[in-house]
């Protein structure tokens, strides 16, 4: 063997070692950047979650009195947000597998920040343009918020495979703090400054989080994966097991969100269960309960010895019991605390979105984990949107016998709210039947 050949054999292992160390260093650096992007996205998700209830929400009086918007215009503006939110999850969530979570978060974050900044500024347009400018801004905000979720879910699924339930629970907890802070704190901010400045302050805060996310994303974007995005979407919706958990989860949120979004506070005040302040605090307590429930999913799984399906069924039966109790309370005139108990029990299944996400993640291949979770969320918002008008129809049936206040507001009889809780009973039964056929996924380290 020549000296040159012998030297080559000596140098080659060192070259491979250096190359391996470089690749390992690049992988660590990529992961660190992605973690920074992820947690900036979590901060941004706090504001996207808050945005769901901001309009009309705490500024409804300002929009009606200051700009002259009527109830139909305001409800259409709110509906447009949820429509674009759900549609963006379906349309853009399919691209999460191919383009990665970071790209979706960059696109979604930029749309959300732009819409948030534009909305209060749109009110300064001429009267003929103000409403439609603000309407378009809400659609842009919904598009951004809806796109952020599949990007966040994809990045979480990639980075925290073994500790997914724990980390996802923390993320959901922080996200659910958004609607909680979007009530009383925003009202205080609106009183301190005018509503335009209040919304601009929130928009600028989200802009700061997005700016850090955008800076950290340099070098954190993965190469585009080959393949057809629609094929991945077809695999998710083509699975009968996925459809079962999608429906079981969706009816939970379809029923629950009727309370905070439409009938809950009015139900409590119309039937004399409690005053407006108490009703608002109960709605806020439900939000805190849901946030803590998602945070405590890992602990609950330990109590149920890792059995995901058993915990899912238990939560659904709690929701069913609460729905029956609520219907009975309004039918027979049970004490007010029974209505409060019914509200709490109906909220129990909604506390476990992180559990439902864990189930659907474990039922699908790793590369489809983020997409399947975003489609789970998409289906939930479809049911949420569908159940709102159904509840409205149930209330409308009793308008002829409703009484009017001096200000012209309608006070519905207890029978109207009894029918809504009967509707909840039907939804919970559908969820239980679907959950019975959901397979038990293999317990993993969570």
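The values are calculated or read from the model by the stated rules, or taken from the named source; none is laboratory data. Note that this is a predicted model, so its numbers are computed, not measured. For neighbour counting, all protein chains shown are included, and Cβ atoms are generated from backbone atoms with ideal geometry for every residue, glycine included.
With respect to the conditions (1) within 30 Å of residue 368 (Cβ to Cβ); (2) more than 22 Å from the chain's Cα centre (by Cα); (3) not assigned by TED's automatic domain parsing to the domain that holds residue 117, residue 214 falls short on a single one, namely (3). Somewhere in the range 251-271, is a residue surrounded by fewer than 22 Cβ atoms within 10 Å (Cβ to Cβ), touching a residue at least 12 places away in the same chain (Cβ under 8 Å) and touching a strand residue (DSSP E or B) at 6+ places or on another chain (Cβ under 6 Å)? Checked the range 251-271: at least one residue is surrounded by fewer than 22 Cβ atoms within 10 Å (Cβ to Cβ), touching a residue at least 12 places away in the same chain (Cβ under 8 Å) and touching a strand residue (DSSP E or B) at 6+ places or on another chain (Cβ under 6 Å).
Among residues that are more than 15 Å from residue 424 (Cβ to Cβ) and part of a helix (DSSP H, G or I), residue 314 is included.
Confirm whether residue 306 is outside any helix (DSSP H, G or I), more than 21 Å from residue 417 (Cβ to Cβ) and in the same structural domain as residue 361 (by TED's automatic domain parsing).
Here the answer is yes, as residue 306 does meet what is asked.
Selection of helices (runs of 4 or more DSSP H) fully inside the range 116-230 by the criterion of at least 3 residues being modelled with pLDDT under 90 and more than 23 Å from residue 66 (Cβ to Cβ) returns 127-159, 164-181.
Matching residues to (1) closer than 24 Å to residue 163 by Cβ; (2) in the same structural domain as residue 101 (by TED's automatic domain parsing); (3) modelled with pLDDT of 90 or more:
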{"position": "356", "(1), (2), (3)": "yes, no, yes"}
{"position": "373", "(1), (2), (3)": "yes, no, no"}
{"position": "376", "(1), (2), (3)": "yes, no, yes"}
{"position": "385", "(1), (2), (3)": "no, no, no"}
{"position": "409", "(1), (2), (3)": "no, no, no"}
{"position": "427", "(1), (2), (3)": "no, no, yes"}
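When residue 189 is tested against the conditions (1) in contact with a helix residue (DSSP H, G or I) (Cβ under 8 Å, 6 or more places away or on another chain); (2) in contact (Cβ under 8 Å) with a residue 40 or more places away in the chain, the lone failure is (2).
Yes/no matrix, rows are residues, columns are (1) buried (at least 17 other Cβ atoms within 10 Å of the Cβ); (2) under 21 Å from residue 439 (Cβ atoms):
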site	(1), (2)
295	yes, no
300	yes, yes
305	no, yes
311	yes, yes
319	yes, no
325	yes, no
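Answer with yes or no whether residue 204 is in contact (Cβ under 8 Å) with a residue 40 or more places away in the chain, in the same structural domain as residue 54 (by TED's automatic domain parsing) and under 26 Å from residue 352 (Cβ atoms). The answer is no for residue 204. Within the range 33-80, being under 16 Å from the mean Cα position of the chain (by Cα) and farther than 15 Å from residue 134 by Cβ holds for 41, 42, 43, 44, 45, 46, 47, 48, 49, 50, 52, 53. Summed over the range 34-57, the residues that are at pLDDT below 85 and under 29 Å from residue 168 (Cβ atoms) give a count of 6. Taking the numbered list (1) modelled with pLDDT of 85 or more; (2) more than 18 Å from residue 198 (Cβ to Cβ); (3) buried (at least 20 other Cβ atoms within 10 Å of the Cβ) in turn, residue 92 passes all entries but (1).
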